[in-house]
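Only the coordinates and a few stated rules stand behind these numbers; no lab work does. These numbers come from a predicted model, not from an experiment. Cβ atoms come from the backbone with ideal geometry, glycine included; neighbour counts cover every protein chain shown.
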Amino acid sequence: MGNSQLNQWVEKNHDSPLTVGNGNNFITDPSTSGTVAITVGTGYNLIDISAGFVATYNATVTLGAHTTTTALFDEVMVGTVAGAVVLPSTVITGAVAGDMVYVTAATSVAQATTAQQTAITAQVTLGAAINAAVGYAQTAGQTIAFQYGGNTYLYTDAVGGPVNTTGNGDTLVEVVGVHTVSSTLALTHGIVLAS
């Protein structure tokens with residue numbers, strides 16, 4: 001199914017994956033909990049899974065092979081985490097330079113510095129790496145992009161404060177592969193992959 005607007009209302013069965021074809025798709029899923037799996041083709045897609053926020057929420061988004069322009073790209077609007085977590089609530093596969101991860105709380109974004117990335121990489125577990133990265137984003141709305149284990153993570157601090165664990169309203173997204181981010185947000189809260 002392509003060139004369509006899809007609304008997946010998954011109120012009871014979160015384990016049913018949604019797969020669409022190569023057109024341009026607008027997909028909205030208002031699930032707040034459970035497992036959400038969305039696969040799209042080679043078109044340009046807007047995927048809104050921003051309602052997810054509870055501890056049991058887990059979303060995977062797989063993007064088909066594509067290229068981007070300044071006007072045509074895939075955009076994934078993501079939800080938040082509940083409390084201290086050691087795993088991302090959303091995992092995106094197939095993203096390329098120019099694609100966007102939209103985080104409502106994001107007001108700034110930066111790639112981890114060399115020193116920060118070295119400290120994050122030295123951690124023994126993903127959970128420890130996440131907690132180390134959280135310590136570098138202490139201002140409300142601040143997003144840090146970092147790598148661990150060959151993948152990229154985007155952490156946004158929703159409220160700020162000197163803590164080293166995620167909290168309610170924060171956002172933690174894994175983008176499979178090693179990517180960098182633009183230092184400028186797009187569409188007010190959009191984190192754009194630079195590579």
Say we look at region 110-158 and pick out the residues that are part of a strand (DSSP E or B) and of a type in the set (Ser, Thr, Tyr); which of these is nearest to Ala194 (Cα to Cα)? Thr152
Within region 77-104, restricting attention to residues that are more than 12 Å from the chain's Cα centre (by Cα), of a type in the set (Gly, Ala, Ser) and surrounded by 16 or more Cβ atoms within 10 Å (Cβ to Cβ), which residue is farthest from Thr67 (Cα to Cα)? Ala84
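When the residues of region 120-131 are narrowed to those that are surrounded by 17 or more Cβ atoms within 10 Å (Cβ to Cβ) and of a type outside the set (Val, Ile, Thr), which ends up nearest to Gly167 (Cα to Cα)?
Residues of region 120-131 that are surrounded by 17 or more Cβ atoms within 10 Å (Cβ to Cβ), as a first pass: 120, 129-131.
Within this subset, residues satisfying the condition of being of a type outside the set (Val, Ile, Thr) are 129, 131.
Working: Ala129: 16, Asn131: 11 Å.
Here the answer is Asn131.
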Of the residues in region 46-103, how many are in a strand (DSSP E or B), without any contact (Cβ under 8 Å) to a residue 40 or more places away in the chain and touching a Leu at 6+ places or on another chain (Cβ under 7 Å)? 0
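Going through Thr166, Thr139 one at a time, which residue ends up being exposed (fewer than 15 other Cβ atoms within 10 Å of the Cβ) and in contact with a strand residue (DSSP E or B) (Cβ under 8 Å, 6 or more places away or on another chain)? Give the derivation first.
Values: Thr166 fails: exposed (fewer than 15 other Cβ atoms within 10 Å of the Cβ).
Within the list Thr166, Thr139, the selection yields Thr139.
State yes or no: is Ser33 over 15 Å from the mean Cα position of the chain (by Cα) and either in a strand (DSSP E or B) or surrounded by 15 or more Cβ atoms within 10 Å (Cβ to Cβ) (or both)?
For Ser33, the condition - over 15 Å from the mean Cα position of the chain (by Cα) and either in a strand (DSSP E or B) or surrounded by 15 or more Cβ atoms within 10 Å (Cβ to Cβ) (or both) - is met.
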